[in-house]
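A short worksheet on the structure shown next.
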């Protein structure tokens, strides 16, 4: 797959490096990229956001949630027709996902809600059988499952984009468990059976 990871922080950098190592064609998009030959985490190329999105079939948004609206508005035309993975969390919002802003890019957007339920530590070094619960446009389901599996995790499809609140709930549960365990972020869920 040709994957544009927008953001090079803990989530984007960790997942992008894993996908790059698994043989996917990863390009990082960053506002700090100047167009010269630069590399991001794991050795994948680092480009301006528009250049990263242009050739990708899958775009993973791993930027701070406050930046999502401006990123998708600026690149809406380029995002239409692509699989867009929303890995962000708007903390404190009624709906922590950015589905509405992403869907506004056009009717061809295939929305996926994934990689928002755990801290990056659980992607960098996952426990065996760690389950990533995700919601996706049915046409994007297979690609989402491949991305999750290539990161060493177990995919669990909970439904189409109308099931996004279920995925958001897993993130809320994870955060609550982390708080109850004194901030221990190396905590994941596993679907049995």
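Values quoted throughout were computed directly from the atomic coordinates according to the rules given, and no laboratory measurement underlies them. Just so it is clear, the model here is predicted, and its values are computed rather than measured. In this analysis, Cβ positions are derived from the backbone assuming ideal geometry, glycine residues included, and neighbour counts consider all displayed protein chains.
If R0 equals 30 Å, the separation of the Cβ atoms of residue 77 and residue 39 corresponds to a calculated FRET efficiency of about 0.65.
The C-alpha atoms of the chain define a longest principal axis, and helix 10-21 lies at about 70 degrees to it. The range 105-148 and the range 59-102 have Cα centres lying 14 Å from one another.
Ranked by the mean number of other Cβ atoms within 10 Å of their residues, highest first, the peptides 133-146, 111-124, 165-178 come out as 111-124, 133-146, 165-178.
Angle of helix 141-150 to the longest C-alpha principal axis of the chain, folded into 0 to 90 degrees and rounded to 10: 80°. Over the residues of the chain, the helix contribution to mean residue ellipticity at 222 nm works out to -9500 deg cm²/dmol, using -39500 (n - 2.57) for each DSSP H run of at least 4. The alpha carbon convex hull volume per residue for the range 13-81 rounds to 87 Å³.
Across the chain, C-alpha contacts under 8 Å between residues 6 or more apart give a mean separation that, scaled by the residue count, equals a relative contact order of 17 percent. The angle between the Cα long axis of helix 65-74 and the main principal axis of the chain comes to about 30°, on a 0 to 90 degree scale.
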